[in-house]
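Okay, structure first, notes after.
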Amino acid sequence: MEAALPIKPSGNVVEPGEVYLSHTPLLRTHFGTQPDLFLRWNAVPVAALAVDVVVFLHGFSQQGREMPLAEKVGRSGLDLARRARPTLALVPRGNWLRHSWYDFPALLDGGLDRLVAYGLERFAAALPGGRAVSCDRLILAAHSGGGMPAVDALAGAGHPPDAFYVFDGLYGRDPRDDDPLRGTEALDRWLGERLAGEPEREGAVRIVYFERETGEFSRTVGRLVATRLAGLDPSLAEPLRRRYKIERSGVPHGRIAERCLPELLARPVPLPKAVSQVPSSVNSAAMSA
């Protein structure tokens, strides 16, 4: 029987917390160390019926097959302290391939949906009353070698993310055996669907890159975004350009997620309808990155 998460209610609110889990059923085919899943949550109203979910896919590791998940959690930028919306964050450990390389085959073909459902199920089971909690907004973020797996996970998701953040991770495919830009068509479809929901349901894209390694794929996505925005009414397109952005990095590769993601997560977004009250101890902040 799976142990309950260390949920700590305090009055009307569940206090912020985190936990590492081992032998996650969905990730049993991923080769690597245990624990294999990290969960973090901010202050969540006890009565909440929905929370946001952030899934972060990590990149390469110089420790290879011996990489502890904590190595990637520490550099993920999953800081929820300034996020006003009740949120559950997940960091799955990838599948070690060889050398420093990891991928995420368990998240393909709907696997991202299954991971989100598993995290929500474990979280909800530990709440007072043990009721179901659904996902309101979904954010998919990735760094470095997690970028292309994130593209593939998005392509097969039944619940597409509202926001997609990749930090120097869109390397493209190996041109020796694949189309280097395969995956941009899935991102373009997702962009079309995502922008169709604006401004009633806000979304976002942030692709941060270095030209040498991830420039070609990243700039291609930038052109897709520009084309989509150009087809919108200018009064709508202009504010969207501040949320749908592709830009070169101003910080070192290893620090991009750690620097940028906290700011992106802090950006104010309307609260989910299923949440009637947000604790006053959790403050929102404007996005500055």
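The values are calculated or read from the model by the stated rules, or taken from the named source; none is laboratory data. This one's a predicted model, so the numbers in the text were calculated from it and none came from an experiment. Glycine gets a Cβ as well: all are built from the backbone with ideal geometry, and neighbour counts include every protein chain shown.
Details
- Residue check, residue 173 without any contact (Cβ under 8 Å) to a residue 12 or more places away in the chain and surrounded by fewer than 20 Cβ atoms within 10 Å (Cβ to Cβ): no
Here's the yes/no breakdown for (1) surrounded by 18 or more Cβ atoms within 10 Å (Cβ to Cβ); (2) on the phi < 0 side of the Ramachandran plot:
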| residue | (1), (2) |
| --- | --- |
| 177 | no, yes |
| 183 | yes, no |
| 186 | no, yes |
| 189 | no, yes |
| 202 | yes, yes |
| 205 | yes, yes |
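- Condition met for residue 195 (at pLDDT 95 or above and within 27 Å of residue 134 (Cβ to Cβ)): yes
- Residue check for residue 127: modelled with pLDDT under 95, within 20 Å of residue 15 (Cβ to Cβ) and either touching a Cys at 6+ places or on another chain (Cβ under 8 Å) or crowded, with 19+ Cβ neighbours inside 10 Å (or both): yes
- The stretch 16-28, residues that are closer than 18 Å to residue 120 by Cβ, part of a loop (DSSP other than H, G, I, E, B) and not hydroxyl-bearing (Ser, Thr, Tyr): 16
- Between 38, 56, 31, the distinction of being in contact (Cβ under 8 Å) with a residue 24 or more places away in the chain and part of a loop (DSSP other than H, G, I, E, B) belongs to 31 only.
- Which listed residue, of 221, 225, is within 21 Å of the chain's Cα centre (by Cα), aliphatic (A, V, I, L, M) and under 19 Å from residue 261 (Cβ atoms): 221
- If you go through the stretch 242-265 and keep only what is out of contact with any helix residue (DSSP H, G or I) (no Cβ under 6 Å at 6 or more places or on another chain) and outside any helix (DSSP H, G or I), you end up with 242, 243, 245, 247, 248, 250, 252.
- Among all positions in the stretch 209-227, there is no residue which is closer than 19 Å to residue 137 by Cβ, buried (at least 16 other Cβ atoms within 10 Å of the Cβ), out of contact with any Cys (no Cβ under 6 Å at 6 or more places or on another chain) and modelled with pLDDT of 95 or more.
- Meets criteria (surrounded by 19 or more Cβ atoms within 10 Å (Cβ to Cβ) and either among the β-branched types (Val, Ile, Thr) or modelled with pLDDT under 95 (or both)) for residue 269: yes
- Looking only at the stretch 72-124, and only at residues there that are assigned to a helix (DSSP H, G or I) and aromatic (Phe, Trp, Tyr), the one that is surrounded by the most Cβ atoms within 10 Å (Cβ to Cβ): 123
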